[in-house]
Amino acid sequence: MFDIEITGTGRYVPENKVTNHDLAALVDTSDEWITQMTGIKERRISLGEDTTEMAVQASLKAIEDAGLRPEEIDLIILATVTPTYYFPSAACLVQTRLGAGQATSFDISAGCTGFIYALNIAAQFIKCGTYKTALVVGAEVLSKITDWSDRKTCVLFADGAGAAVLQRGKAGIIASFTGADGRGADYLYCHGVPFGNQLVPVKDTQPHYTVMNGREVFKFAVNIMPESILKVLEGSGFTLNDIKYFIPHQANIRIIDSAAKKLKVDRDRFYVNIDKYGNTSSASIPIALDEMSRKGQLLPGDLIVVTGFGAGLTYGAHLIKWTKANY
């Protein structure tokens, strides 16, 4: 069995910023209400870059950060709910754009928990010796499945990509925990192609946008986030007091505040950048990791917990010892 560490990170977000004031000109809302209810001040919305393009840009930065060449990558896992195509996978498109040779490449769909799931899958492949170097990406263009006339959802979602390189090395990923509760599938969803063929006429002609029961998702999230954090620490020999930073999925500031309160942890130990980027789903955690790393906030030996929840309903966490040298 091999130890695994994160050796490189990267992120990419579109240049186009959409502020709360911009949204107030489209729907019945206000900067004050959005900020109070979500913590979001602005978000990045693509003007044409799709999931694959953003994933490539984030991946190139992560590979460079790890000091590698693309051809050294032998596994690519891309988490997304907004792929460029149904098939081929966005991971395969990223592979050829990077020049990553014959790297095994596939997508996974686990909603906003996508990066957590993908990291776990890649770690297992490396741990058992199947692969040596993995590129794990979370990339979303949520703006293309957002109903911009629905003020309950259009204020939340945004576009972006983040990536991390995993390699055999030091014991960086200490513990992992993932789970799902399909009973909540109807709380957050987006329909695919409506059923229909030459024998059965298509009945569903409604636009296919993200639909969310915000109340139920909130109730789920405020409980599952602290539970996931405690679960990943079980048996690790570490406690909440040993963790320097908690890096949660950036969905809603009130969810993060609630998790800190339930765990009786200083809120300053929870990293927050939702004010700048909004909810980028599977991209939010790797974007935060890269941002923290490049700002010098993560030092070798620091213990961190990354945790997320999302459509499915899915959830999970990783306990990580940061091994990467500071910038």
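Of the residues making up segment 133-142, one or more are touching a residue at least 12 places away in the same chain (Cβ under 8 Å), of a type outside the set (S, T, N, Q) and over 21 Å from G312 (Cα atoms). For segment 189-205, the criterion of being within 26 Å of K144 (Cα to Cα), exposed (fewer than 14 other Cβ atoms within 10 Å of the Cβ) and either modelled with pLDDT of 95 or more or charged (D, E, K, R) (or both) is satisfied by at least one residue.
Determine whether G114 is within 21 Å of G8 (Cβ to Cβ) and surrounded by fewer than 18 Cβ atoms within 10 Å (Cβ to Cβ). Judged against the criteria, G114 is not a match. Every residue in segment 1-31 that is in a helix (DSSP H, G or I) and either among the polar types (S, T, N, Q) or farther than 26 Å from L47 by Cα (or both), please. Once the filter is applied, which keeps residues that are in a helix (DSSP H, G or I) and either among the polar types (S, T, N, Q) or farther than 26 Å from L47 by Cα (or both), segment 1-31 yields only N20. Reported count of residues in segment 262-288, each being part of a helix (DSSP H, G or I) and more than 18 Å from V232 (Cα to Cα), is 13.
I want to confirm something. Restricting to segment 209-242 and keeping residues that are out of contact with any helix residue (DSSP H, G or I) (no Cβ under 7 Å at 6 or more places or on another chain) and in a loop (DSSP other than H, G, I, E, B), which single residue is surrounded by the most Cβ atoms within 10 Å (Cβ to Cβ)? Residue satisfying both the conditions and the ranking: F238. Against the numbered list (1) touching a residue at least 24 places away in the same chain (Cβ under 8 Å); (2) in contact with a Pro (Cβ under 8 Å, 6 or more places away or on another chain), S89 comes up short only at (1). Across segment 243-254, the number of residues qualifying as surrounded by 23 or more Cβ atoms within 10 Å (Cβ to Cβ) and closer than 26 Å to W33 by Cβ comes to 4.
In the set G160, G111, only one residue is in contact with a Lys or Arg (Cβ under 7 Å, 6 or more places away or on another chain) and more than 25 Å from T323 (Cα to Cα); that residue is G160. Do the conditions hold for L319, that is, is it farther than 11 Å from F115 by Cβ, among the aliphatic types (A, V, I, L, M) and not in a strand (DSSP E or B)? Spelling it out, it is not the case that L319 is farther than 11 Å from F115 by Cβ, among the aliphatic types (A, V, I, L, M) and not in a strand (DSSP E or B). Considering (1) under 19 Å from the mean Cα position of the chain (by Cα); (2) outside the structural domain of N273 (by TED's automatic domain parsing), the lone condition that Q167 does not fulfil carries the number (1).
If you check L289 against the conditions, is it more than 21 Å from T153 (Cβ to Cβ) and of a type outside the set (D, E, K, R)? The answer is yes for L289.
Residue-by-condition table, conditions (1) aliphatic (A, V, I, L, M); (2) surrounded by fewer than 18 Cβ atoms within 10 Å (Cβ to Cβ):
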position: K17; (1), (2): no, yes
position: N20; (1), (2): no, no
position: V27; (1), (2): yes, yes
position: E32; (1), (2): no, yes
position: T38; (1), (2): no, no
position: R43; (1), (2): no, no
position: S46; (1), (2): no, no
position: D50; (1), (2): no, no
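The values are calculated or read from the model by the stated rules, or taken from the named source; none is laboratory data. Just so it is clear, the structure is predicted and the values come from calculations on it, not from any experiment. Because the Cβ atoms are built from the backbone with ideal geometry, glycine has one as well, and the counts that use them run over all protein chains shown.
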